[in-house]
Amino acid sequence: MKNNLFDLAGRYFILMGKVLSKPEKRSIYGRRILAEIASLGLNSIGIVAIISVFMGAVITIQMALNLESPFIPKYLIGYAARESMLLEFSSTVVALILAGKVGSNIASEIGTMRITEQIDALEIMGVNSASYLILPKIVATVLFFPFLTILSMGIGVAGGYVVCVLTGIVNPEAYIVGVQSDFKPFYITYSLIKSSTFAFIITSISGFYGYYANGNSLEVGRASTQAVVVSSIVILIFNLILTQVLLT
Amino acid sequence: MIRAEHIVKSFDGRVVLNDISATFRTGTTNLIIGQSGSGKTVLLKSLVGLHRIDSGAIYYDDICFSQLGFRELKAIRREVGMLFQGGALLDSSNVEENVRLPLDLFTSQSAEEKRERVHFCLKRVNLENVDHLYPAELSGGMIKRVAIARAIVLNPKYLFCDEPNSGLDPMTSVVIDNLIKEITEEYNITTIINTHDMNSVLEIGEHVLFIYKGQKWWEGTKHDILHTDNRELNDFVFASTMAKRAKACSQIHLDEP
Ligand SMILES: Nc1ncnc2c1ncn2[C@@H]1O[C@H](COP(=O)(O)OP(=O)(O)OP(=O)(O)O)[C@@H](O)[C@H]1O
Ligand SMILES: [Mg+2]
């Protein structure tokens with residue numbers, strides 16, 4: 001089979017057609033969605049929290065060093081750190097990291113099911129295997145990633161605060177004032193829209209690469225690498241598009 | 001009844017199945033035999049539609065299987081049970097969930113009814129107290145048996161088994177062979193079994209199809225198979241030293257216990 005872009009995109013959309021067709025039995029999907037929330041969502045809280053606290057801290061230090069001027073009020077550092085987290089870090093950067101974690105997990109799981117004939121076995125039972133395997137993952141991540149984003153925002157801002165307290169690089173009170181100043185709720189909406197979109201991108205693309213893996217474990221490895229690379233690139237493209245559409 | 005007419009299947013220009021026609025009757029055990037790589041698995045997968053055939057036609061009773069739409073295909077597949085060569089159990093589910101899956105998906109039975117049915121099927125393949133084990137915790141033979149239980153849990157009208165007893169010890173093999181024969185007769189199933197095990201052939205080979213290099217080379221019953229003068233089939237049947245010796249002392253009748 002040819003691997004040019006159009007062919008790939010065509011197969012992707014055909015698969016999505018199968019994935020998004022009407023589920024055969026709702027109750028089963030409900031249970032599977034909960035299980036996927038646990039395995040893809042809850043299991044990612046740790047890594048998101050760790051990255052966010054460090055990034056919040058680093059951003060605050062960098063802002064403090066860059067804005068060192070008597071004409072710039074110190075609270076702007078808190079403001080800038082918050083805006084960086086809200087606008088870009090907690091949605092896009094977190095999504096890129098999750099593309100690595102969740103994307104490779106999905107692609108290798110589904111790819112292994114493909115090469116060990118588990119997908120064929122589902123098809124033989126008369127199950128729409130694409131929908132049965134991929135849809136619960138999509139629903140779970142699209143619903144849950146926004147929570148991870150909000151969590152990341154909170155922890156990131158807190159990380160900045162901790163740095164202020166520990167190093168005194170900025171007065172903690174000024175930081176808090178900055179964090180609260182000129183708050184635009186729409187930025188949160190913007191960020192959540194992005195994170196749901198990115199969740200869909202990661203899960204569907206990784207599911208696609210896993211679903212069409214063939215051959216042996218080498219191919220599954222390749223499929224999961226490709227899934228991460230391609231979903232990261234598509235995330236960056238959509239980040240640009242969504243920012244242009246929603247913010248300007 | 002399943003009927004194959006002039007099936008041709010090739011991969012990247014390499015012909016694997018070359019003009020195979022056969023009729024598999026209901027209520028009898030139909031065996032497909034042949035050397036490793038002769039095309040048995042490809043034939044079985046073509047018959048169930050996992051491989052798209054290049055030309056030819058496949059009929060399930062009077063329905064032309066190769067021309068079915070997506071929806072009709074799904075409907076007919078609910079009447080199909082299949083055992084894959086590697087078992088193909090879902091890794092993320094335990095034994096009970098694996099066997100129960102078709103019931104969960106396609107019946108509205110109560111949890112109690114499902115559990116009973118699952119245990120009944122597991123018992124028929126001689127498995128007990130393994131409900132909560134995961135495929136990674138089972139031996140190869142146990143995986144096969146769980147897979148058989150899953151294939152028969154919905155009382156299929158068509159049953160396909162790819163090497164049901166490879167990897168099983170001789171005693172369990174006989175149990176599985178006879179189980180397949182029993183349910184085939186009991187529920188009047190159309191059963192097609194791939195095997196390269198001569199014991200199975202002599203045990204349950206009511207209708208045997210010998211595939212050689214992708215072609216139908218010979219067709220007959222377990223009784224005919226020992227007296228054929230088809231050279232390739234003879235080479236296959238009497239490949240083992242033991243069988244050769246047994247044939248040499250012709251007073252031993254292999255086809256009678
Ligand atoms: N997906 C595939 N792509 C390309 N070639 C294939 C594919 N599946 C099978 N083949 C080829 O078809 C031929 C027949 O394979 P098949 O798996 O049917 O053998 P078999 O008779 O089942 O052997 P065994 O007894 O070892 O299971 C082999 O030469 C194999 O290389
Ligand atoms: Mg085979």
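The values are calculated or read from the model by the stated rules, or taken from the named source; none is laboratory data. Just so we're clear, the structure is a prediction, and the values are computed from it rather than from any experiment. Glycine gets a Cβ as well: all are built from the backbone with ideal geometry, and neighbour counts include every protein chain shown.
Within region A:201-222, the residues that satisfy the criterion of being part of a helix (DSSP H, G or I) and small (Gly, Ala, Ser) are A:204, A:206, A:207, A:210, A:217, A:221. Of everything in region B:81-99 that's buried (at least 23 other Cβ atoms within 10 Å of the Cβ) and more than 16 Å from ligand 1 (Cβ to nearest atom), which residue is farthest from the other protein chains (Cβ to nearest Cβ)? Taking the candidates together, the pick is B:95.
Confirm whether residue A:119 is part of a helix (DSSP H, G or I), more than 14 Å from chain B (Cβ to nearest Cβ) and more than 21 Å from the chain's Cα centre (by Cα). No. For region B:50-72, the set of residues classified as in contact with a His (Cβ under 9 Å, 6 or more places away or on another chain) and at negative phi consists of B:55, B:57, listed by residue number.
Within the set B:24, B:84, B:106, the sole residue that is closer than 27 Å to residue B:237 by Cα and not assigned by TED's automatic domain parsing to the domain that holds residue B:213 turns out to be B:84. For region B:72-80, indicate whether the set of residues that are under 28 Å from residue B:23 (Cα atoms), more than 9 Å from chain A (Cβ to nearest Cβ) and away from ligand 2 (no atom under 16 Å from the Cβ) is non-empty. Within region B:72-80, one or more residues are under 28 Å from residue B:23 (Cα atoms), more than 9 Å from chain A (Cβ to nearest Cβ) and away from ligand 2 (no atom under 16 Å from the Cβ). So which residues in region A:164-200 are of a type outside the set (Gly, Ala, Ser) and buried (at least 24 other Cβ atoms within 10 Å of the Cβ), if there are any at all? Residues satisfying the conditions are A:164, A:170, A:175, A:194, A:198.
When restricted to residues that are part of a loop (DSSP other than H, G, I, E, B) and in contact (Cβ under 8 Å) with a residue 60 or more places away in the chain, region B:77-109 contains 6. Considering B:37, B:49, B:27, the condition of being out of contact with any Cys (no Cβ under 7 Å at 6 or more places or on another chain) and within 14 Å of chain A (Cβ to nearest Cβ) is satisfied by B:49 alone. Is it the case that some residue within region B:128-137 is under 30 Å from residue B:62 (Cβ atoms) and either away from every other protein chain (no Cβ under 11 Å) or away from ligand 2 (no atom under 16 Å from the Cβ) (or both)? No - not one qualifying residue is present in region B:128-137. Restricted to region B:1-58, the set of strands (runs of 3 or more DSSP E) holding at least 2 residues that are more than 8 Å from ligand 1 (Cβ to nearest atom) and over 22 Å from residue B:221 (Cα atoms) comprises B:2-11, B:14-24.
Of the residues in region B:134-151, at least one is of a type in the set (Asp, Glu), out of contact with any strand residue (DSSP E or B) (no Cβ under 9 Å at 6 or more places or on another chain) and surrounded by fewer than 20 Cβ atoms within 10 Å (Cβ to Cβ). Can we say residue A:178 is in a helix (DSSP H, G or I), over 29 Å from residue B:105 (Cα atoms) and at pLDDT below 95? Spelling it out, residue A:178 is indeed in a helix (DSSP H, G or I), over 29 Å from residue B:105 (Cα atoms) and at pLDDT below 95. Beta carbons closer than 8 Å, at least 6 apart along the sequence or on distinct chains, pair a first residue in region B:1-19 that is under 15 Å from residue B:38 (Cβ atoms) and touching a residue at least 60 places away in the same chain (Cβ under 8 Å) with a second that is outside any strand (DSSP E or B) and among the aliphatic types (A, V, I, L, M) for B:16/B:42; B:17/B:42; B:17/B:43; B:17/B:53. Each residue in region B:175-204 was checked for being surrounded by fewer than 17 Cβ atoms within 10 Å (Cβ to Cβ) and within 19 Å of residue B:240 (Cα to Cα), and 1 pass.
For residue B:117, the requirement of being without any contact (Cβ under 8 Å) to a residue 60 or more places away in the chain, basic (Lys, Arg), surrounded by 21 or more Cβ atoms within 10 Å (Cβ to Cβ) and over 20 Å from residue B:221 (Cα atoms) is not met. Close Cβ contacts (under 8 Å, 6 or more residues apart or on different chains) running from residues in region B:150-173 that are closer than 19 Å to residue A:120 by Cβ and within 13 Å of ligand 1 (Cβ to nearest atom) to residues that are among the hydroxyl-bearing types (Ser, Thr, Tyr) and assigned to a strand (DSSP E or B) comprise B:160/B:191; B:161/B:191; B:163/B:195; B:164/B:195; B:166/B:195. One residue alone among A:108, A:104, A:84 is within 14 Å of chain B (Cβ to nearest Cβ), surrounded by fewer than 24 Cβ atoms within 10 Å (Cβ to Cβ), assigned to a helix (DSSP H, G or I) and out of contact with any Cys (no Cβ under 9 Å at 6 or more places or on another chain), and that residue is A:108. Do you know which of the residues in region B:12-67 that are aliphatic (A, V, I, L, M) and away from ligand 2 (no atom under 16 Å from the Cβ) is surrounded by the fewest Cβ atoms within 10 Å (Cβ to Cβ)? Result: B:63.
Selection of region B:24-41 for residues being under 15 Å from the mean Cα position of the chain (by Cα) and free of Cβ contacts under 8 Å to residues at least 60 places away in the same chain yields an empty set.
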